[in-house]
Every structure is written in C-alpha cells, then in structure tokens.
Amino acid sequence: MPNKASHRVSLLLTLLTASAVPGLAQAGAKSAGDAIQLSEFNVSAERASGYRAQSAITATGFGANILDVPVSINVLTSEFVSDYGANLQSEVLRLVPGVITSPNYESQMIIRGFNGLQAYRNGQYRRQLYSTWGMDRIEVIKGSSSIFFGLVRPGGVVNYITRKPEFKKTGGDASVSFGSWEFKKAEVGYNLGGENFAARFGAGGIDAGGWRNDDFKKEHYLGGTAAWKVFKDGIVTLDLETVRRVNQDRESAAVLRSNSRYLGNPAAVTSGLAPRAWLNANGLASAPTFDIFAPVFPAGDPYGRKVTMGKETYSFYQSYTVDLDYTQKIGSNLVYQLQWNYAIDDFEILRSIGGDQEPFADGTVRFRFGNFANYRDSYNFDNKLTYRFTVGASQHTLSLGQESQRVNQDTPGWFDSASRFQDGRYGAFAVWNPRTQALRSAPSERAASAETWNITRRRAEKQLGYYLGLQSEFLDGRVRTIVGARRSEYSRVSFYERTVTNPEIATPTTSKTTPLYGALVKLTPQLSAFAMFSESLEPQLGADADGRGLSPVSGQGYDIGLKSALLEGRLAGSVSFYGVKRENIASRDSAREVASARQPWFIYGDAEESQGVEVDMSYNPRANWQILVSYSHMTKAETVASTVPARLGLPLAAVPKDVLQLWTKYDFRAGPLAGWSVGGGLRDSSSARFAADQNVTATMPAYTTVDLLLQYRFKLAGKDSRVQLNVKNLADREYRESGFAAFGDPRNIVLSLSTKF
C-alpha cells in the first residue's frame with residue numbers, strides 16, 4: 001500500500017504536455033462559444049468546424065494547438081463521425097492510423113501492435129467503448145502515455161470527450177435513423193444557455209438486429225451537462241450519464257489453436273469416419289482436445305461469415321457516471337484545476353466457455369455455459385496547478401499535480417461443471433453446419449434453474465501518481481521543449497470466496513518514476529520537426545503458484561516526425577516514425593509446472609517491440625471539399641525476447657503490415673445541386689498472420705472495403721436540417737478484421753434525418 005512518506009518524497013512528477021501556453025494558440029483558430037478565457041489561459045479547446053481539429057484537449061487538459069506539441073495526436077471530430085455514420089466508437093476508431101478495433105468486441109483495440117483497452121472519458125478512466133452519442137470529439141494520443149494517464153499500455157490511449165453546453169445559446173437538435181437488419185436509432189438534445197449558466201440535456205437509443213441469426217442490440221442513454229461561471233475567471237462543469245445495453249452476439253470467428261495442423265475443409269468428411277478419426281487421418285499431430293479441435297477452420301473460412309461456430313454471448317450492461325471539473329484562475333499567471341469522476345458499472349454475461357473433448361460420431365459437440373457478472377465502482381481524482389512565468393526572452397509553464405484512482409470489482413460467476421457438458425440442457429449442434437439453436441433468453445434464468453453462483457472473485461486496485469513538468473518556449477516560440485516525470489504507485493488485492501489453493505492474491509505496492517522528454521523545432525512557420533521519448537508502467541494481471549501477484553510490465557517509446565500546415569492551412573498533417581517496447585512480460589513455464597506438479601508457474605523475460613511509420617493528412621482543395629488520408633506501415637511487430645526460443649520473432653496479435661484509408665466529401669453550394677453532398681471512402685488492409693503462435697501459420701487475407709455517403713441539407717420550419725444515406729461495405733466484401741479474426745459487417749445501408757429546433 002502507498003504510504004504518506006513515499007507520497008511526500010515522490011512529489012515530483014508528470015507533465016501536461018504543452019499545458020495552457022497562450023503561444024500555442026494558432027493565429028486565426030476558432031474558439032468555441034462555450035470556451036472560457038481565463039486571461040491568458042484557454043480552458044477548453046475550440047469546437048472543431050469540419051473534419052480537422054486545430055487543437056486537442058487530451059495532451060494538455062486545457063487545449064493546445066496540435067501542430068505545436070511534440071506528441072502524435074489524432075482527433076476525430078463530431079462532424080466527421082456524423083458524416084461517416086458511426087454509431088459505435090469502435091467503428092470510427094479503426095480509421096485512425098495504427099489502430100485496429102474488433103467488430104465483435106467493442107471494448108478491445110490494438111494500438112501500434114499492442115492489444116488492450118485504454119479508454120478514457122473526459123480524461124478519466126472508463127474502460128468501456130460504446131456509442132458515439134453526445135460526443136464532441138475522440139482524441140487518440142500515441143506512445144507511452146503513462147505521464148498523462150498513469151498505468152497504461154505504451155501503444156496509446158483513447159479519450160472520448162463529451163459535448164459541453166454553450167453559453168448564450170438556446171435550442172435543440174434531434175435525429176432518427178433506419179437501416180439494415182432492423183436498425184433503428186433516435187436521439188434528441190437541448191441546450192439552455194445564459195450569461196453565466198448553461199446546460200445541455202440529451203437522450204437516445206438504438207434498437208437493432210444483426211446480420212447473423214438471433215443477434216440483437218438494444219441500447220438506451222440519458223445524460224446532461226451543466227456549466228457555471230463562478231467567481232472571477234472560474235468555471236464549474238458537471239456531467240451526468242447513464243447507459244443501459246442488452247446484446248446477443250454470435251461470433252463467427254475462426255478459432256485456430258496451437259496444434260491445429262490441418263486447416264482443410266471439414267465438409268470433406270464423406271468417408272464414414274467419425275470427425276476425430278478424420279482429423280487424425282488428415283494430419284492432426286496429436287489427439288484432439290477441445291482447444292485443439294474447435295473448430296479447425298482455416299482463416300479464410302470456406303463457409304463464409306454467416307456460419308456461426310458456437311461462441312455465443314448474451315450480455316447486459318448498465319453504467320452511471322458523474323464527472324466534475326472545476327477550473328479557476330488565481331492571480332495573473334496561476335490556474336488550479338480539479339477533476340473528479342465516479343462511475344458504477346454493472347455487467348452480466350452468459351456465454352459458451354468450453355465444450356466436449358471431441359465431437360460425437362454425428363459431428364456434433366456440446367458446449368457448457370457460464371454466467372458471470374462484473375460489478376465495478378471506480379473513482380478518479382486529479383488536481384493540479386499550472387503556473388506561467390517568463391525568464392528573459394523565454395516563456396515557461398510549470399505543472400504540478402496529484403492523481404489517484406481506485407477500482408473495486410466483484411465478479412461472481414457460475415458454470416455447469418457438474419453436468420460435464422452432456423446433459424442436453426443446451427442442446428448440441430453440428431460443428432460443420434450453421435448454428436440454428438438460440439441461447440437461453442437471459443442470465444436471469446440462472447436463478448430459475450436453481451443454479452447458484454459458485455465462483456466469486458473480488459479485486460481492489462489503487463493507483464496514485466504525482467507529477468511535475470516544465471514546458472518552455474525559446475526564440476519567439478520557434479523552439480519548444482518538454483521535460484517531466486511521473487511517480488506512480490500501484491497495488492492490487494484479489495481474493496476468492498470459495499475453497500481454492502490460494503484464496504488471496506496480493507500484488508505488493510509497485511513504485512516507479514516514468515520520465516518524458518520532448519522537443520519541437522519550427523523549421524519554417526508552416527513546418528515543424530519533433531521528437532519525444534517517454535516511459536510507462538502497466539499492471540500485469542495474474543498470480544503464480546504461491547499466490548504472488550505478477551510484477552508490472554515496463555514500457556518505453558519514442559516518436560520522431562514532422563508536422564505541417566501548408567497552403568494557408570488547407571494541407572495539414574503529420575508524419576511520425578515510432579518505436580515502442582514492452583519488457584518484463586511473464587509467461588507460463590510448462591516444464592517447471594510439470595516438474596513441480598504446481599501451476600501456474602510464471603517466469604519473467606519476454607519482451608515485445610513494434611516500429612513503424614504513420615501518416616495523417618487532411619487536404620481542402622476548395623472550401624467545400626474535404627479529403628482525409630491516413631496510412632500506417634509497420635516495419636516490426638514481434639516478440640524480441642522470450643524464455644521460449646520458438647517464440648522469438650513471432651508477430652504481435654496478427655496486425656497487418658500496411659493499412660491505407662481515404663475519406664472525402666464534396667459539398668455543392670451553388671447551381672442545381674446546391675445543398676447536396678457526396679462522399680465516401682475506402683480501407684485497404686494487407687494480409688496478416690492469424691496468431692502470435694509458433695504452431696499457427698494461417699493468415700488473414702488482405703481486403704479492401706468501400707463506403708458511400710449521400711447527403712442533402714435543407715430548411716425544415718426554418719431550421720437547418722439534413723437527410724443522409726450511408727452505405728458501408730458497398731461491394732459486400734467478405735473479410736476478417738486483422739488481429740481479431742472476426743468477420744466485418746456485410747453491406748449495411750442506413751438512412752438518417754436530423755434537424756435543429
């Protein structure tokens with residue numbers, strides 16, 4: 001556990017990169033109507049107009065020009081998300097260079113080769129990625145970001161920023177959408193603004209089926225935000241939100257296990273052999289267990305995306321979130337900011353978790369089902385001081401702060417281990433054929449069947465950080481430097497309310513200082529070169545055979561690149577060369593487990609590394625024409641050190657080497673087509689190895705998808721209105737998302753109508 005003495009000793013440390021320096025504001029940049037100017041400090045970033053944001057909140061906490069900070073930042077504006085027709089954050093995040101999301105697992109992503117969710121809401125840890133409702137922007141900060149966010153993976157993090165109320169403005173907006181697979185969506189919002197007080201309220205919901213049989217999704221959300229101008233040069237913002245979601249998913253993902261040597265067509269079982277015998281006869285190296293066998297489909301699955309393979313999930317999710325932000329200027333050059341967040345997450349899931357050791361003679365297997373719940377409450381607390389001063393001709397900004405995070409998590413669970421999979425309660429299905437049988441209707445049916453929770457795990461995590469940073473400007477802002485560090489302390493205790501060998505798992509308090517160094521040099525007024533180096537620390541879940549929690553993983557990364565704003569700002573973007581490394585990764589030592597007859601037995605020594613280049617550009621050939629281009633090329637993404645020699649050089653999470661993305665929109669502002677807009681985009685991905693496993697050589701095929709946009713703007717009762725048609729995957733291309741192997745959606749058509757009032 002952290003102690004007070006260590007807190008006092010460690011009071012040094014992190015940086016709000018580019019925090020609140022007025023010189024970072026680009027000349028001519030638009031300010032939002034709700035932005036508060038605290039003398040020389042801008043409390044919020046501008047509300048972007050169009051696809052490209054000039055400033056970002058994530059890297060600073062206040063708002064800073066993206067082109068003037070030595071950090072790789074990608075911003076997805078609300079206008080772009082709306083034009084793209086994204087209903088989920090995961091849909092649009094996959095358009096960011098270096099980011100891969102899953103069609104099936106909305107809360108999972110890969111950033112620069114590293115899997116794991118690093119999601120934040122208004123700068124506070126939230127974990128979940130869901131709908132885009134109430135969104136102002138999504139910001140992705142790349143690299144080892146522990147200096148900003150504490151214990152995180154070094155690839156990057158995502159910060160979802162909600163829409164804030166606007167002062168001196170009153171009015172509302174509403175939208176409805178209808179589309180493929182019984183998709184229906186409706187949202188409404190209203191802003192009430194005065195001189196010193198403003199509030200925005202919103203509500204909405206989604207009711208949709210799915211392109212696989214029996215899939216469905218129902219989501220409802222309600223929220224509100226209020227802002228007060230208090231005292232002199234101060235503002236308080238309160239944000240409330242509740243979300244309720246019910247899903248049923250059938251995952252049509254190829255499951256290729258480590259010993260799946262034969263990747264042929266299962267339909268070839270025509271000789272009268274039982275499936276097990278057929279598999280052995282066709283090259284399976286060892287006796288098939290469930291993990292080896294289910295299912296032995298190639299990554300290019302000849303049965304297509306409509307074949308489901310048993311991994312069915314019914315889930316229920318409800319959350320309550322409270323965000324509080326208080327920013328106050330003190331004197332002429334000092335700003336205090338307090339951020340506090342409290343959230344409750346209630347998550348239940350019913351899913352298949354295992355199956356028969358081998359299929360029956362008729363080609364069927366039976367799965368056992370598990371019913372698990374996750375009750376989590378968490379709070380985040382961050383308060384900081386930012387002081388600006390001048391020394392000679394140089395300007396400096398000093399940031400000092402303290403952040404704490406606590407997460408309590410209860411995970412009761414049940415699974416039908418006693419029934420041994422073969423009581424017929426859930427039925428059987430043919431491995432080779434499409435799934436037709438439905439799941440039980442809801443996790444609540446557990447009680448009706450007299451089943452009881454037989455697993456309960458509780459986990460308490462605490463994270464404490466102190467940070468100090470200094471940003472400086474020299475030579476009239478042509479040279480900008482960042483130096484800082486963060487002192488992080490982390491502890492975790494897990495225990496089980498059942499008879500187990502190790503009922504309690506405790507991770508001793510881990511402390512580490514993670515530095516950051518960065519510099520940006522303006523080569524010309526329109527072109528800058530930058531470099532950044534930082535370190536990170538992340539928890540490593542699990543415990544060894546003696547119940548000791550695993551030591552954290554350490555990370556480090558660098559970015560070197562160029563940022564530009566050419567042609568009077570019409571051509572803007574960045575090119576970044578990066579390298580990221582994770583060390584001290586624990587892996588199972590199977591030989592030691594066999595010799596000692598104890599498991600799990602972990603050994604440290606694995607390391608992973610990724611390197612590559614990312615390009616993110618926007619171009620406006622004309623005022624009514626927007627083009628976005630992004631490209632990522634990964635030169636290295638592999639295991640670079642391992643206690644298992646065969647793992648050396650294996651790829652990370654099956655990420656593609658090359659991904660090219662293009663999006664464009666053209667607005668007709670005159671002539672017979674005035675009011676109309678046309679647009680669209682493409683995503684081109686190279687092939688990728690299926691898994692980071694030395695025994696699996698299957699690859700995910702390359703693919704290209706094309707999207708279409710058609711839009712018409714008009715007046716409805718004198719108010720700005722819009723009708724919009726989105727067609728996703730226009731050619732109905734069948735593909736699998738690299739890194740997750742799940743099928744992407746087939747052709748999807750959605751018609752939307754929105755208006756202001």
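Each value in this text was obtained by applying a stated rule to the coordinates, not by laboratory testing. Computed from a predicted structure; not experimentally measured. Please note: Cβ atoms are built from the backbone with ideal geometry, for glycine as well, and neighbour counts cover all protein chains shown.
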Worksheet item: To the nearest 0.05, what FRET efficiency results for ARG459 and VAL706 with a Förster distance of 60 Å applied to their C-beta separation?
Response: 0.85
Discussion item. If packing is taken as the average number of other Cβ atoms within 10 Å across a peptide's residues, how do 385-398, 335-348, 70-83 rank, most packed first?
Written reply: 70-83, 335-348, 385-398
Worksheet entry | Pairwise FRET efficiency - HIS220 versus ASN408, Cβ, R0 = 41 Å, nearest 0.05 | 0.95
Practice prompt. Order these peptides, 514-525, 618-629, by their mean beta-carbon neighbour count within 10 angstrom, highest first.
Written response: 514-525, 618-629
Worksheet item: Residues in segment 707-726 near a label at PHE668, defined as backbone nitrogen under 14 Å from the 7 Å Cα→Cβ point?
Response: 710-714
Worksheet item: For PHE714 and ALA199 in the same chain, what is the full-extension length gain: residue separation times 0.36 nm, less their Cα-Cα distance, in nm?
Response: 182.7 nm
Worksheet item: Distance in nm between label sites at SER394 and LEU562, each 7 Å beyond Cα in the beta-carbon direction?
Response: 2.8 nm
Worksheet item: Extension gain GLU583-ALA531, at 0.36 nm per residue separation less the Cα-Cα distance, in nm?
Response: 16.5 nm
Discussion item. Only counting other Cβ atoms within 10 Å, I'd like THR225, THR510 sorted with the fewest neighbours first.
Written reply: THR510, THR225
Worksheet item: With labels modelled as points extended 7 Å from the Cα through the Cβ direction, what inter-label distance (nm, one decimal) is found for ALA731 paired with LEU238?
Response: 5.4 nm
Practice prompt. Within segment 129-167, find all residues whose amide N lies under 19 Å from a label point positioned 7 Å from the Cα of PHE757 along Cα-to-beta-carbon.
Written response: 134
Practice prompt. Set the Förster distance to 30 Å, then compute FRET efficiency between ALA519 and TYR387 from the Cβ-Cβ distance, nearest 0.05.
Written response: 0.90
Worksheet item: What list of ³J(HN,Hα) couplings, whole Hz, do you get for segment 703-712 from phi and the Karplus terms 6.51, -1.76, 1.60, once you set θ to phi - 60° and write x for glycine and proline?
Response: 7, 9, 10, 10, 10, 10, 10, 9, 9, 9
Practice prompt. Evaluate the distance, in nm, between pseudo-label points positioned 7 Å from the Cα of VAL322 and of LEU334 along their respective Cα→Cβ axes.
Written response: 2.9 nm
